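Encoded as structure tokens, the structure appears first; notes follow it.
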Amino acid sequence: MIVLGVESSCDDLSMAVLKEGQVLSNVTASQVADHQPFGGVVPEIASRRHLEALEATLDGALERAGLRLQDIQGIGATFAPGLVGSLLVGLQFAKGLAFSLEIPFRGIHHIEAHLFSAFLEHPLVFPFLGLIVSGGHSHLFWVEGIGRYEILGHTVDDAAGEAFDKVAKMMGLPYPGGPAIDRLSEQGDAGAFSFALPRVKSGAMHTSFSGMKTAAVEYWERSDPSRQADLAASFQHGVVRALTHMVERGWESKGKAPLVVAGGVACNRALRRAFQAQTEKKGVPLLIPSPKYCTDNGAMIAWLAWQYLRRGDTSALSLNAQARLPIGGGVSRIS
Ligand code: KG4
Ligand code: ZN
């Protein structure tokens, strides 16, 4: 089955064509330059740019796949969660295409797609422990199958990516902050400033980043600007330690299982090294996508849509965009 995936939940419009789950093309229209002057994503600009980029992105995805529009047999698009204006642009476009081509359509939950993005490059395995670390989410899942998830833990305040972005902004680093901290940290000493491991009363598998963010602000105000790289590296180390701790608690609760890590923050080099070491020590496989499939991409949307569509699990064309929706809400089942 040849499936087109459309992702437009935030500031990237991305479309991909997959054949039986294999990526034929994945084309992304990035808006980093448009939002950089504002130090963050401006929702009105994001949806407008998506609208302008729709046609060229589709043409690019088809051309790179060496296919025509008529070859597409199914379409998936992100319908939640995200910026509602941005979601609507991709979702309405995808539904319109499905209607005119008379092919099945499936609405896709953005976080659910991240959860399976490692399987664009690895054979599918169940069960696994899945950690999603993105700009809006830091969630630990136990996954037994497609649509069969248990949420083990999550951040009780900021998401990991959000914390990276806010600390970077505070230190005067360019948007997006995560990659800027990652780059700067390579020249810094991760042990220079101490960041306590968050302790969350509501659950051992939950985490929190607001304390670390506040500590970073205080250190920055009190220390010399020449220590920027040391502070970046120490903060990054603190975030990574909180996440590896969360995963360790997950294995304690569920037993040894492969670890899947995805979402934009999974691009972080220190995080990738830490999970590599942790899984080697544990003796379990680490499944982590290439950086291009960690950040938002159309391929992960098409892959999950293919999984649902091949089972005949489609969405109605009346499906609406939703800014907030827990994984499993709307169209997917929770075990
Ligand atoms: O998954 P994603 O592309 O979009 C959302 O669904 O949110 O994640 C974006 C987040 C941003 O907060 C960005 O700063 C962070 O991922 N990020 C990183 C790195 N690359 C992207 N954070 C730390 N290190 C990186 N190398
Ligand atoms: Zn994302």
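Bear in mind that the values in this text are calculations on the coordinates, not laboratory data. Since the model is a prediction, treat every value here as computed from it, not as a measurement. Methodologically, a virtual Cβ is constructed for each residue, glycine included, from the backbone with ideal geometry; neighbour enumeration extends over all protein chains shown.
A few points about this structure:
- C-alpha center-to-center spacing [the range 289-311, the range 45-68] in angstrom: 17
- Among LEU271, LEU51, LEU18, the ranking by other beta carbons within 10 Å of each residue's beta carbon, starting with the fewest, stands as LEU51, LEU271, LEU18.
- Reciprocal of mean inverse Cα separation for the range 163-225 (Kirkwood radius, Å): 12.8
- Sorted into 20 angstrom bins from 0, the C-alpha pair distances of the chain split as 33, 57, 11, 0 percent.
- Within the chain, DSSP assigns beta bridges of which about 60% are antiparallel (rounded to the nearest 5).
- Cβ-based net charge around ALA232, under 11 Å, with every Lys or Arg adding one and every Asp or Glu removing one: -2
- Radius 14 Å from Cβ of LYS281, net charge of other residues (Lys, Arg +1; Asp, Glu -1): +1
- Highest mean packing comes first when the peptides 250-258, 150-158, 277-285 are listed by Cβ atoms within 10 Å, giving 150-158, 250-258, 277-285.
- Calculated over the range 52-143: convex hull of Cα atoms, volume per residue (Å³): 128
- Each of HIS110, HIS206 was scored by other Cβ atoms within 10 Å of its Cβ. Listed from fewest to most, they are HIS206, HIS110.
- With a threshold of 31 Å on the Cα-Cα distance, the over-threshold entries among LYS256/LYS292; LYS169/LYS282; LYS95/LYS213; LYS95/LYS254 are LYS169/LYS282; LYS95/LYS213; LYS95/LYS254.
- Average Cα contact separation per residue, the chain, under 8 Å, 6 or more apart, as relative contact order %: 26
- Cα gyration tensor, the range 54-93 - rounded (a/c under 1.5), prolate or oblate: prolate
- Taking every alpha-carbon pair under 8 Å whose residues sit at least 6 apart, the range 138-253 reaches a relative contact order of 31 percent.
- Judged by the ratio a/c of the largest to the smallest principal axis of the C-alpha gyration tensor, the range 1-157 counts as oblate, that ratio being 1.5 or greater while a/b is no larger than b/c.
- Relative contact order computed over the range 62-201 (Cα-Cα under 8 Å; 6+ residues apart), in percent: 13
- Residue with peak Gaussian network fluctuation, the chain [Cα springs, cutoff 10 Å], from ALA61, ALA77, ALA180: ALA180
- Order of LEU197, LEU286, LEU243 - criterion: other Cβ atoms within 10 Å of each residue's Cβ, fewest first: LEU197, LEU286, LEU243
- Within the shell of other residues whose beta carbon sits under 10 angstrom from the beta carbon of ALA113, the net charge comes to -3, with Lys and Arg scored +1 and Asp and Glu -1.
- A Gaussian network model of the chain, with springs between Cα atoms under 10 Å, assigns the largest mean-square fluctuation among ASP313, ASP189, ASP224 to ASP224.
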